[in-house]
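A short write-up of the structure that comes next.
Values quoted throughout were computed directly from the atomic coordinates according to the rules given, and no laboratory measurement underlies them. Given the structure is predicted, the values throughout are model-derived calculations rather than measurements. Virtual Cβ from ideal backbone geometry, glycine too; neighbours counted across all protein chains shown.
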Amino acid sequence: MFPISTFLISIGAISVLSAFLAILMVLADATIGNYGEAKITINKDKELEVKGGRPLLGTLMDEGIFIPSACGGRGSCGLCKVKLVSGAGQYLPTELPWLSEEEKGENIRLSCQLKVKNDISIQLPEELFNIKEFRAGVAGIRDLTHDIKEITLELLAPEEISFKAGQFIQLKVPEYELTDVPVYRAYSLASVPGSKIRIELEIRLVPNGICTTYVHKYLKEGDEITFNGPYGEFYLRDSEKDIVFIAGGSGMAPIKSILLDMAEKEVKRKTSYFFGARSGRDLFLLDEMKELEAKLLNFSFIPALSEPQAEDNWDGESGFVTDVLARYLSSKDNLEAYLCGSPGMIEACLRVLAERDVPEELIYYDKFG
Amino acid sequence: MNTGIYPVAIFFAAIFTNNILLTNYLGMCSFLSVSRELKTSLGLGAAVTFVMSTTSLLNWVVYHYILIPLELDYLRFIVFIIVIAAFVQLVEMIIERTSEILYAALGIFLPLITVNCAILGVSLFMVIRNYSLLSSFAYGLGSGIGWTLAILAMAGIRQKLAGARVPKGLEGAGITLIITGMMALAFMGFTGI
């Protein structure tokens, strides 16, 4: 039998040792590990005051910004990538296996490994903290063509929306004649991101389409409507390449938004916009495009009619937009392409672009059904 | 045995004939997960070597001057773990604060090896084998270098392996364990020297 003193000594010894080390750690934490307050600037306009010294991932999580991560910050999934603008030190070896050369060039970091030790500036995709539900009032409905309407919405709550030109929202259609449950349909924002309180949508009537019928036949000025967003990866990439936009019908919407945004930012890249329509009555926003041609240095708008009518007095390009595209593009061009239109049109355009050696990864489009 | 040569013999034995990873199969988890690249393997190896040699010293002092006098040597498992964890944590904080380069090269790996069984293994073997302070340090240093040697060899092999066609079911840890086994066999050859 052990005497009782053995137990007491062992408990005492462990306690003293643990307490000593614990105090040591607390002291170290308060002195060596204390990095004070740090400031995180997000996308140049949002500033967070945080306690320094912890990984960026957890720090942002405490602020209600959730970077997707599967492993919970152990550096083993490589998902929590964040673009660093300025402020942090060199790459850590635990980040390197997850980053391509290209990403390193862009200063992409793993947010679970990067510790916030001083003021840093990062860039996050807007949608990460930006997807919200909005209520808005219908401020205007205007006919663009015989079957496309432009809807102007004024935000009620929240009062502002931030989005990238080219992104889309999901419009909520309440229950009505054609649907027993509310449904959501995606529409690209047609207005310039600079306008945060007023947005525009361009919606083409699809026979018996639940949302389009609702918008075309039921929606009135002054009505209230709900949508959520913004979503999507369809936005202008930062590069030096020439830009080709291809759209048909209401595919005009995101392209118009991007063009207006380019005009505001005075982008000087060579830009061609191929717009396909059947006949003169399917063309719209021609004045706006002319204005943009005047504002944007290297921009040309090339509408193409597949079935020009006699009364159109058409002297522009004729034929399917793909044919016109094939005539204009050569495989020597250094370009990236942005497509928005029906799946059929996109398929056909992808074939032409492939023939002209445009790399697949430089062709962007939203797959709307 | 000559006490002057003894620590040297222990040092080399720990690297080759008694390699902690290849004969005791300790420290496998970080060995498996980090042995994909030579550079990171070297960083981890350096961290392991540093921690092994310093904690073997620390634990030797704790064992001989606290645990033995108090007749508490049966508590060595718990005590060693606490000492290692606290020490590694402390070192990491200091490195992180003082040198960004050193932190990137070494410090970042420290949390990974706090609970590495090879580290605890070294401290425990040192007690079982009744090493002196100097021998313990030699053993810790040698084991660290031996571990580094093994992970570097593995990283080299795995870099070659990246281009090989490994059967699907054996990809990753599977093939690595098989290769580790073969490396262990090869290291047995040192025993004969």
Original post:
Rounded to the nearest 500, what is chain B's calculated 222 nm mean residue ellipticity when only DSSP H runs of at least 4 contribute -39500 (n - 2.57) each, over all residues?
Top reply: -23000 deg cm²/dmol
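What net charge is computed for the residues neighbouring A:Thr322, neighbours being all others with C-beta under 12 Å from the C-beta of A:Thr322, Lys and Arg scored +1, Asp and Glu -1? Mind showing how you got there, number by number?
Values: positive: A:Arg327, A:Arg351, A:Arg356; negative: A:Glu317, A:Asp323, A:Glu347, A:Glu355.
That works out to -1.
Which links in A:Lys132/A:Lys196; A:Lys172/A:Lys256; A:Lys270/A:Lys332 stretch past 20 Å when you go from one Cα to the other? Intermediate values should be presented prior to the final figure.
Working: A:Lys132/A:Lys196 14 Å; A:Lys172/A:Lys256 23 Å; A:Lys270/A:Lys332 14 Å.
Exceeds cut-off: A:Lys172/A:Lys256.
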Subject >> Residue with peak Gaussian network fluctuation, chain A [Cα springs, cutoff 10 Å], from A:Pro254, A:Pro308, A:Pro193 >> reply: A:Pro308
**OP:** Tell me the trypsin sites (Lys or Arg not before Pro) within the stretch A:159-208 that lie in a loop according to DSSP and have at most 15 other beta-carbon atoms within 10 Å.
**Re:** A:Lys196
Original post:
Measuring from a point 7 Å past the Cα of A:Lys268 along Cα-to-C-beta, which residues in the stretch A:200-242 have an amide N at less than 20 Å?
Top reply: A:237-242
Original post:
Counting other Cβ atoms within 10 Å of each Cβ, which GluC sites (Glu not before Pro) in the stretch A:265-353 have at most 10 and sit in a DSSP loop?
Top reply: A:Glu266
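Could you compute the net charge surrounding B:Leu67? Neighbours are other residues with a C-beta less than 13 Å from the C-beta of B:Leu67; K and R count +1, D and E count -1.
For residues surrounding B:Leu67, the net value is -1.
Tally the DSSP beta bridges in the protein assembly as shown and give the antiparallel ones as a percent, rounded to 5.
DSSP beta bridges in the protein assembly as shown are roughly 65 percent antiparallel.
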Original post:
So what is the 222 nm mean residue ellipticity for chain A from helices alone, if each DSSP H run of at least 4 adds -39500 (n - 2.57) and you divide by all residues, rounding to the nearest 500 deg cm²/dmol?
Top reply: -7500 deg cm²/dmol
Original post:
Listed here are the pairs A:Lys115/B:Lys39; A:Lys268/A:Lys290; A:Lys115/B:Lys168; which of them are more than 26 Å apart at the Cα?
Top reply: A:Lys115/B:Lys168
Original post:
When chain A is treated as a GNM, springs tying every alpha-carbon pair under 10 Å, which of A:Thr152, A:Thr31, A:Thr213 comes out with the largest mean-square fluctuation?
Top reply: A:Thr31
**OP:** Mind jotting down the distance between the C-alpha centroids of the stretch A:197-232 and the stretch A:283-321, whole Å?
**Re:** 26
**OP:** Would you mind calculating the gained length between A:Glu347 and A:Asn228 on full extension (0.36 nm times residue separation, minus the Cα-Cα distance), in nm to one decimal?
**Re:** 40.0 nm
**OP:** Restrict the search to the stretch A:15-107; then list the GluC sites (Glu not before Pro) that DSSP places in a loop and that have at most 16 other Cβ atoms within 10 Å of their Cβ.
**Re:** A:Glu63, A:Glu106
Subject >> Net lengthening on full extension, A:Arg281/A:Ala294 (0.36 nm per residue, minus Cα-Cα) >> reply: 2.3 nm
Original post:
Shielding of A:73-80 by partners, i.e. mean partner chain Cβ atoms within 10 Å per residue?
Top reply: 1
**OP:** Assuming 1.567 mPa s and 4 °C, estimate D for the protein assembly as shown with Stokes-Einstein, Rh taken as the Kirkwood radius over Cα pairs, in µm²/s.
**Re:** 45
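What percent do you get for the relative contact order of chain B when only Cα pairs under 8 Å and 6+ apart count?
On the way: 231 pairs, mean separation 82.9, N = 193.
With pairs under 8 Å counted, the relative contact order is 43 percent.
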Subject >> Pairwise centroid distance, computed over Cα atoms, of the stretch A:65-127 with the stretch B:71-105, Å >> reply: 26
Original post:
Expressed as a whole percent, how much of the Cα-Cα distance distribution for the stretch B:38-173 exceeds 24 Å?
Top reply: 38
Subject >> In nm, spacing of pseudo-spin labels at A:Gln90 and A:Asn208 (7 Å Cα→C-beta vector) >> reply: 6.6
**OP:** Please give the residues of the stretch A:1-45, grouped as numeric ranges, whose backbone N is less than 17 Å from a label point set 7 Å along the Cα-to-Cβ vector of B:Leu70.
**Re:** A:3-24
